[in-house]
Amino acid sequence: MIAATREQLARTRFLPAHIEIMLATGAIDEARAASRELNEAAAIINTDVLHAIAAHAVGSVNLAAGNAQAVLDPVRRAFEFWQQLGAPYLAARLRVLLARACAALADVDGARLELECAFEVFERLGARPDLATVESLVASLEDLGKGEPRTICGLTARELQVLRLIASGRTNKSIARELALSEKTVDRHVSNIFAKTDVNSRAAATAFAYERRLV
């Protein structure tokens, strides 16, 4: 299909799927060439949507080629665009890609954070194949994370992140917006933080964070 399509704008509609198929079959060089073409088209047509699609492709190719560090910048830019546009499924898929890159860079906490957020979106949308992918990646992180030191008072990386935002004076609603989580999920994190740090108020949690130099 892609070889039979010559008009540039029409080709951009097929290139993302073509890249995905090439990566799935291990044809990285062909995927890279298609990604380069998509980027060139994005530079000419110059729309935010096409730039985001091209950035996603660049990240996917770089990950497949073993260059995880080069995944982070373009994929984060694409994620921010889809997040702001209100396209949760596409944003969640980019979180999964970021998680894979973080895992490859031995950033287990970063990978877990991205997967947790992606899982919540896929669960809300009923995207079962994507949920299965996330569950498989989470399981693979268990081995990667073995031997890591426990965080302070048993707080997870996400709970530490929420605690720092509490200490900055943010409300649960504001924290949910900042981290792209549901308020219900933030409420649960706050409850866990209170239980693990043996406090019963946001002021006490803030004091805990400052006393232990977490902020």
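Take Thr171 and tell me if it is at pLDDT below 90 and closer than 26 Å to Glu80 by Cβ.
Working: at pLDDT below 90: no; closer than 26 Å to Glu80 by Cβ: yes.
The answer is no for Thr171.
Looking only at region 55-107, residues that are in contact with a Leu (Cβ under 9 Å, 6 or more places away or on another chain) and on the phi > 0 side of the Ramachandran plot come to 1 in all. Considered as a group, the residues in region 138-155 that are touching a Leu at 6+ places or on another chain (Cβ under 8 Å) and in a helix (DSSP H, G or I) include one that is modelled with the highest pLDDT, and that residue is Val138. Checking the stated criteria, Arg158 turns out not to satisfy the condition of being at pLDDT 90 or above and charged (D, E, K, R). Could you tell me whether region 10-24 includes any residue that is out of contact with any Asp or Glu (no Cβ under 7 Å at 6 or more places or on another chain), aromatic (Phe, Trp, Tyr) and surrounded by fewer than 21 Cβ atoms within 10 Å (Cβ to Cβ)? Yes, the conditions are met somewhere in region 10-24. Regarding Leu165, is this residue at pLDDT 90 or above, in contact with a helix residue (DSSP H, G or I) (Cβ under 6 Å, 6 or more places away or on another chain) and within 30 Å of Gly66 (Cα to Cα)? It is false that Leu165 is at pLDDT 90 or above, in contact with a helix residue (DSSP H, G or I) (Cβ under 6 Å, 6 or more places away or on another chain) and within 30 Å of Gly66 (Cα to Cα). Within region 59-88, residues that are crowded, with 16+ Cβ neighbours inside 10 Å sit with their Cβ atoms under 9 Å from residues that are modelled with pLDDT of 95 or more and not in a helix (DSSP H, G or I), at 6+ positions apart or across chains, in these pairs: Phe81/Ala87. If the condition is being out of contact with any Ser or Thr (no Cβ under 8 Å at 6 or more places or on another chain), more than 13 Å from Leu90 (Cβ to Cβ) and of a type in the set (Val, Ile, Thr), then region 45-70 contributes only Thr47.
The values are calculated or read from the model by the stated rules, or taken from the named source; none is laboratory data. On a predicted model such as this, the values are computed, not experimentally measured, just so you know. Cβ atoms come from the backbone with ideal geometry, glycine included; neighbour counts cover every protein chain shown.
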